[in-house]
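Reading through the structure tokens given below for one structure.
Just so you know, all these numbers are worked out from the coordinates, no wet-lab data involved. Computed from a predicted structure; not experimentally measured. We place every Cβ from the backbone using ideal geometry, glycine too, and count neighbours over all the protein chains shown.
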Amino acid sequence: MRKQSRFAPDTFKLRVRKSATGRGLFAEETIPKGACIIEYTGRPATLEEMARDDGKYLFWTGKTTMINGNIPSNKARFINHSCAPNCEADGPPGRIFIVALRTIRAGEELSYNYGKEYFDKHIKPKGCRCVKCVRMRRNRV
């Protein structure tokens, strides 16, 4: 019996729908901890896009390579940021996969931490709207 690669997405049922931060990607079935859920795909980024590095769907896939995930076939682009994520982005050089950090229940929104650079550039100026941060703000009031 061959061992399946850590980076081989299973065929989980996922659905894009309205979330607290716009549109999000939701599990329609239970996803076990450690499961490879979906690949974040895109077209190669242009040199100009890489130099600006300010697009919301840009993802570095190596030290000098980047993809632009704003393409219709990339469902993973709907996965939102969270400061307490249930997934992480990982993968071999040149590719990005979304892997479950814990068991994800059916109906739960998928999330991963976008990282400090993205957070400081795109999220922090408007205020983080992830569930963890919204709860913290409510508790302070």
Study note, to complete from the structure: Packing-ranked peptide list from 70-83, 21-34, highest mean Cβ count within 10 angstrom first, is 70-83, 21-34
**Study point:** Kirkwood hydrodynamic radius over Cα pairs of the range 14-140, then Stokes diffusion coefficient at 4 °C and 1.567 mPa s, in µm²/s
**Key:** 85
Practice item. Normalise the Debye intensity by I(0) for the range 88-138, one equal point scatterer per Cα, no solvent, then take log10 at q = 0.18, 0.20, 0.23, 0.24 Å⁻¹ and round to two decimals. Key: -0.78, -0.91, -1.05, -1.07
Point to revise | Residue pairs, from the table Lys18/Lys63; Lys56/Lys126; Lys18/Lys124; Lys33/Lys126; Lys13/Lys126; Lys63/Lys121, whose Cα atoms sit over 24 Å apart | key: Lys18/Lys63; Lys33/Lys126; Lys13/Lys126
Check your understanding: the range 79-105 to the range 5-68: how many Å between their Cα centroids?
Key -> 8
Check your understanding: Using alpha-carbon pairs under 8 Å, 6+ residues apart, how would you state the relative contact order of the chain in percent?
Key -> 28
Point to revise | Pairwise FRET efficiency - Arg137 versus Arg17, Cβ, R0 = 30 Å, nearest 0.05 | key: 0.80
Review point. What is the spin-label model distance, in nm, from Trp60 to Asp120 if the labels are put 7 Å beyond Cα along the C-beta direction?
Key: 1.2
